[in-house]
Structures are given as C-alpha cells and as structure tokens.
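Data first, discussion second: the structure below is written as structure tokens.
Any read-out appearing in this document is the output of simple, stated calculations on the displayed coordinates, not a laboratory observation. None of the values given here were measured: they were computed from a predicted structure. Neighbour counts run over all protein chains shown; Cβ positions are idealised from the backbone, glycine included.
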Ligand code: NAD
Ligand code: IPM
Ligand code: MN
C-alpha cells in the first residue's frame, strides 16, 4: 500500500528515537512491498527556534494531509530551558496540545504490559511481577484541565493562577465508547477512574460512563477513585484490563503504569479520532538529561510505529511482526540502559533499533 507518514522528531531524544522507528518502518516497507512517503514536520522547541511558534499552520496542514503522524517528543528542561519562560501558548508543549486539538485526537491509548522477560526490571515485589499484567489506559486527550481557560493575575494584591477543568457529556461519551469497544476485544472489564467524591466533572463522568455501559451488556464496569487507582496500580496491576480516565489523571497514571513495565521507555501510545488519521508517540518526554548520548530506549517509539501500522493503515500482520521482533530482542537478553539488569547485553539506542530490524522476519 501507499501511505503518507508525517514524522515529527521534536526535541531532546526525539530525533534519536524517531530515527530508529523510521528504520523499522522502512524495513517493513521493503519486506511487504509498501510505499511509505515520509515528510518531516517541525514541532516543539525546534519549531520555536526556527519560526517563533511551536507549530506552524503549514505543519498542521501537512499532518492533516497525511495518513498518520509519528512523533518523538517535544520540550526542554522544565524550569530552566530557553523555552520555559514564555507565554503558555508559545511553549513547546503547546505545539503538542495544538496538534491533538486540531486533529481531534480525543482518545489516547496507552498499552502497559509487562513482558515476561522484563520481570526483573519491574520494581514491584517478585510475586506481582511474576503474575504479570496487561492493561490499556484510555485517556481522554482533548478536554479537561489541559484545554480549559487559564490565567494568572493579581487578585486583591495576591498573585493568583487559575486553570479550569471542563467536560461535557459528549466528550465523555465518545471516549467511554472507545474504552468499551476495546474491552469487548479483550478481557471485558473497564475500570473508570475519577474523583467523584470531590469534582463535579467526575460526577458527570461517572454518570455518563454508566449510561454508555448499558449499551455493553457483556462488559463489567467498575469505578475507582484516582488516588486509590494510583495505589492499586502498584499493589495489584493484574486487576486492570481497560482503564478509562480523563486527561490529567491519565497523564499521571500512565507514567506510573509505564514504570512497572520496566521503564517509561517501553510505553507506546496512539492518539485517535473518529477517522483513520492518528498520532503515534511514546508516552515519555524528550528526556533532556540523556539527549544526544545514544542511550535512550527506542522501544516505546518503535511500538508506537507498530500501532500506527495497525490503527491508521490497517496493517495488522506488519504490526505483529514488529511486536514479535521487540519481544524476541528482549527474550534474547538485549537491553538499553533503562531496562538493563545483570547478565543481559546492554545496547545503545541505535543498536537496539538494529537488533529489532534484524529480528523482523
Ligand atoms: P521525560 O519523560 O522526558 O523523562 C523522565 C525520565 O525518564 C528522565 O530521567 C528520562 O531520562 C527518562 N526517560 C524518558 N524517556 C526515556 C527513554 N526513551 N529511554 C530511557 N529513559 C527515558 O519527562 P520530563 O523529564 O518530566 O520532561 C522532559 C520534557 O519532555 C519536558 O519539556 C516535558 O514537557 C516534555 N514531555 C513531552 C512529552 C511529549 O512530547 N509527548 C511527554 C512528556 C514530557
Ligand atoms: C504526555 C505529555 C504531555 C501531556 C505534555 C508534554 C503536554 O506529558 O503526552 O503524556 O501531558 O499530555
Ligand atoms: Mn505525560
């Protein structure tokens, strides 16, 4: 098949991990006789440096005209980068929020599963890591605190900052449906995470999710408060099949979930709308602390590329092939520094990409 894929390197380790994922996609392209047309887009700090804005209108147009977008990560050192002390809508992260909003990517799927071979890199008690877990976090991505009004001003001589959290029932319903549809093809359980003991938005969330659940008779629905969910994730991760939650809670819980898979460098993601066009990115950031050292784990990005093939291009066999190659590399003891344990073979970012390419069959 012929497909247009927009590539966003971004900042920090972005170029290093996208390079490896592209290598994997090119391998698939050749092996299966597809034609992938790659177009680079600037986003984040690198776009600010070039154009003064984190995402240009032209970049958005290229993304919209593509079949899928693959992203590394954006952003600098929070607190002390040259991109930090600027207006919120001009920061690197604003580019990411803008592309999510412009493409209407309301459903963010973050699969967190513990590869058996990585049990040693999991920081949980042995009996928990031995039991394993396999969950998908479905995070609402275009609403909530991220997109509400925000401002800072003096009120009665006191510096005051306001961020607003808004959800309407339609936004909740459409993402809930995505979660239930995914659960239908898995272990048929949705745990919806909220803070309904405090927040109005969470009470509406809970009510609407209950309404959606009525259309899915074979799915079990549970509600869990977010603080408890954070605890349950490390106490008994195996209980989770599909986790459905709002934007900010999903951001935080998915980083927590990533660490119990061994490293944040393992967690892929797909951001989807109602059409086929999706944005695929690792759940982690631009890791400025390790940028340029060729030691970042490219697996989350490579697995995101596999999701791209599966969800945007409908290439299931090809996606399976990449996922199996990743599994084989891990099984054979190949590790980047973040998931390294004694007795394994430590690889650089490039070497891990090469190894996965080698294992694609
Ligand atoms: P981060 O995820 O970049 O890094 C957190 C820690 O995890 C660091 O120690 C880092 O070295 C490590 N890490 C992350 N990815 C790794 C990988 N692939 N392999 C090995 N180690 C990895 O989070 P942060 O430090 O809080 O944020 C840094 C910047 O990234 C900020 O500007 C933030 O806004 C941005 N960010 C961007 C995205 C995105 O583009 N999707 C996501 C999260 C954070
Ligand atoms: C993520 C990131 C982003 C988010 C930031 C960079 C805006 O942390 O993709 O998880 O919070 O959504
Ligand atoms: Mn995050």
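The table for this structure:
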read-out: Distance in nm between pseudo-label sites at residue 168 and residue 341 (7 Å out along the Cβ direction from Cα); value: 4.9 nm
read-out: Cubic angstrom per residue, convex hull over Cα atoms of segment 58-210; value: 211 Å³
read-out: Mean Cα-pair separation over length for the chain, i.e. relative contact order, pairs under 8 Å, 6 or more apart, %; value: 22 percent
read-out: Global form of segment 123-260, assessed from the alpha-carbon gyration tensor, a/c cut-off 1.5; value: oblate
read-out: Ranked packing of 9-20, 237-248, 36-47, 125-136, most packed first, by mean Cβ within 10 Å; value: 9-20, 237-248, 36-47, 125-136
read-out: Two-site label geometry, residue 134 and residue 188: point separation in nm, points 7 Å out along Cα→Cβ; value: 1.6 nm
read-out: Tensor-based shape of segment 33-123 (alpha-carbon gyration tensor, a/c under 1.5 rounded, otherwise prolate or oblate); value: oblate
read-out: Cα shape, segment 158-225, gyration tensor, a/c 1.5 rule; value: prolate
read-out: Contact order normalised by residue count of segment 123-260, Cα under 8 Å, 6+ apart, percent; value: 37 percent
read-out: Helix-only CD estimate at 222 nm, as mean residue ellipticity for the chain, using -39500 (n - 2.57) per DSSP H run (n ≥ 4); value: -12500 deg cm²/dmol
read-out: Segment 130-195 and segment 36-56: distance between their alpha carbon centers, rounded to Å; value: 27 Å
read-out: DSSP beta bridges in the chain [antiparallel fraction, %, rounded to 5]; value: 35 percent
read-out: With 20 Å bins from 0: P(r) over the chain, alpha-carbon pairs, percent; value: 29, 60, 10, 0
read-out: Estimated inter-spin distance, residue 232 and residue 50, nm [label 7 Å along Cα→Cβ]; value: 4.5 nm
